[in-house]
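Structure, as structure tokens:
The values are calculated or read from the model by the stated rules, or taken from the named source; none is laboratory data. Please read all numbers here as calculations on a predicted model, not as lab measurements. Every residue, glycine among them, receives a Cβ derived from its backbone with ideal geometry; neighbour counts consider all protein chains shown.
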Amino acid sequence: MASYVKMSDIATDHEIKRGTRALFVTQIFSTLSFAILYSTLTLFGTQVLKLPTDQVLALTGSFLAFNYGLHFLGGYMGGRLISNRLLFSISMGIQVIAALFLVGTVMVPFDLRLTFMMLGLAIFLTGSGLNVTCMNCMVTQLFDDPSDVRREKAFLWNYSGMNVGFFIGFDLAGHYTLTNNYGMLFGLGGVANIIAIVLIVINWRVVRDRDTFLTEGVRSGKMRNSTQFYKGFGVIIITIIVMMILIHHADISNAVISLVFLITIVAVLFLAANRKDSGERARMVAYVFLLIAAFVFWVLYQLAPLALMYFLEYNIKMSIAGIQIAPQWVSNINTIVIVVGGPIMAWVLQRARAKGKKVSLPFLFGLALIFIGVGFGIFPIGIRLAGAGLVGFSWVFWSYILQSIGELCISPIGYSAIGRLAPKHLQNIMMGLWCMMTGVAAIGASYLSQLAVGKFTAEQLQITALTNPHYSQVFGWVGIISIIVGFIMFIFMKQLNGLIDHAEISVGELGAVSMENKLARD
């Protein structure tokens, strides 16, 4: 086991270029299997497993929450117990095993299907939960200088790669859902995981750990590679066992994840208060404020595989020119915008900053919240025009466009910001907390989905006169709340920029700036 950790060094320009390209392609294949389950689980649970809608929403919410919640564990383990590249490879292997159980779900007698699905989900979640933070940290560690603007560009490209994976996954999910061939669908997800492992092995040296807790411990002689690996492997086995238990108890699991999230935020604030460096202290406080704003965004965004999936299936005219559209294909509107818009946004930001214009994190976060708020706020208009009938597809199209623009403003930018806001030795943990926040947001989204869908049966879900008012009320209110939070970000932008730029601004001073001052500044 002595070969998987390389001593601390700085990546050359050649390694940065090769590493960025390699991780971009790897991201495509590593994302594909998650995209399949993300877009399929709700309909699969209702139509194939024949579960009640409230149970399906709770299960899907827990699936998303655990997936993102375990990112925090991945952030702790990567670079501490196991190198990021090795942990990523192991997690892909775990997902291959999970694919075998998921394929078995449609091959065993009906009475055993739920058991196989739960086992497959528990194993899959362990793998998918651990790998995302590793990927982000491998990108981050290509750049030694925290202020290197190429890091942001690399994350935007990497985020585009992830969405190429989503595009392929959604396309496959829609096709095999329409043909009812779930076995082939889940099997293709496992094949994609194998390809991701091969790509990382080929680029093993380039994506090595740099300046992590593990590399420094090995270099100083305080740690042994093999000892840390066995500890990490033990944590993985325990995680699989725990997941097999918790996946059956959605309400308890969601409460535990939410509690851990709150405790961790308090811990980050405690660590910030005890930092001797005032700049680090200020940036960590800014990190928490941005984390809370991002949480609001992701609550709305995570409605896509939950209430929105039912809304698309039963309340939207899902055909164009007589061609039937699978609900999963609608998500590719988002994917196309991200894939095309990611590099464009990287170019726009680079050009703006080259001209001396300040495009701050709070400004981009505020825009994201307003865009996604308007995206949901237009649904009640479409529902009102439809009355008791089906809503026109154009309302979905424009909503997804707006949501996607908002995602571009907050998601890759947020990941990139960790390298700037987090002290080097806390980057993995703070990256994990950021990913975990998305999981807690999924819990909030599952509760909102249950408000929108209620306890309607599969038959009742098809009665638009019954469900339209529920969707209209929930989508309208969440849109308004998001827009309000977006404007709050604008109002407090001067103070937040001061924290990010190392200014000695106390938390108590937040709230002093007006919207007029904000507009004058930018």
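Against the condition in contact with a Leu (Cβ under 9 Å, 6 or more places away or on another chain), in a helix (DSSP H, G or I), among the aliphatic types (A, V, I, L, M) and over 22 Å from residue 404 (Cα atoms), how does residue 266 come out, does it pass? So residue 266 does not fit the description; no.
Picking from residues in the range 90-117 that are more than 17 Å from residue 239 (Cβ to Cβ) and among the polar types (S, T, N, Q), the one that is surrounded by the fewest Cβ atoms within 10 Å (Cβ to Cβ) is 115.
Answer yes or no: is there a residue in the range 189-212 that is polar (S, T, N, Q), modelled with pLDDT under 80 and outside any helix (DSSP H, G or I). Scanning the range 189-212 turns up at least one residue that is polar (S, T, N, Q), modelled with pLDDT under 80 and outside any helix (DSSP H, G or I).
Answer with yes or no whether residue 62 is within 30 Å of residue 449 (Cβ to Cβ), part of a helix (DSSP H, G or I) and among the polar types (S, T, N, Q). Against the criterion (within 30 Å of residue 449 (Cβ to Cβ), part of a helix (DSSP H, G or I) and among the polar types (S, T, N, Q)), residue 62 qualifies. Looking at the range 321-431, the helices (runs of 4 or more DSSP H) lying wholly inside it that each contain 1 or more residues that are touching a residue at least 60 places away in the same chain (Cβ under 8 Å) and polar (S, T, N, Q) sit at 327-354, 393-421. Only one of the numbered conditions (1) aliphatic (A, V, I, L, M); (2) farther than 25 Å from residue 150 by Cβ; (3) modelled with pLDDT of 85 or more is not met by residue 28, and that is (2).
In the range 310-320, of all residues being assigned to a helix (DSSP H, G or I) and not polar (S, T, N, Q), the one that is surrounded by the most Cβ atoms within 10 Å (Cβ to Cβ) corresponds to 311.
Quick check, is residue 489 part of a helix (DSSP H, G or I) and within 21 Å of the chain's Cα centre (by Cα)? Here the answer is no, as residue 489 does not meet what is asked.
Annotation note: of 328, 324, the sole residue that is surrounded by fewer than 20 Cβ atoms within 10 Å (Cβ to Cβ) and modelled with pLDDT under 85 is 324.
In the set (1) closer than 17 Å to residue 418 by Cα; (2) surrounded by 22 or more Cβ atoms within 10 Å (Cβ to Cβ), the condition left unmet by residue 253 is number (1).
Look through the range 223-247, keep the residues that are surrounded by 14 or more Cβ atoms within 10 Å (Cβ to Cβ) and assigned to a loop (DSSP other than H, G, I, E, B), and return whichever of them is modelled with the highest pLDDT. By that ranking, first place goes to 247. Residue count for the range 265-309, restricted to those that are buried (at least 18 other Cβ atoms within 10 Å of the Cβ) and polar (S, T, N, Q): 1. What single numbered condition from (1) part of a helix (DSSP H, G or I); (2) of a type in the set (A, V, I, L, M); (3) touching a residue at least 40 places away in the same chain (Cβ under 8 Å) fails to hold for residue 303? Evaluating residue 303 over (1) part of a helix (DSSP H, G or I); (2) of a type in the set (A, V, I, L, M); (3) touching a residue at least 40 places away in the same chain (Cβ under 8 Å) leaves (1) as the failure.
Determine whether residue 160 is among the hydroxyl-bearing types (Ser, Thr, Tyr), more than 30 Å from residue 232 (Cα to Cα), assigned to a helix (DSSP H, G or I) and modelled with pLDDT under 85. Judged against the criteria, residue 160 is a match.
Of all residue pairs spaced 6 or more apart or on separate chains, those with beta-carbon atoms under 6 Å, a first member in the range 165-176 that is without any contact (Cβ under 8 Å) to a residue 24 or more places away in the chain and part of a helix (DSSP H, G or I) and a second member that is among the hydrophobic types (A, V, I, L, M, F, W, C) and surrounded by 22 or more Cβ atoms within 10 Å (Cβ to Cβ) are 176/185.
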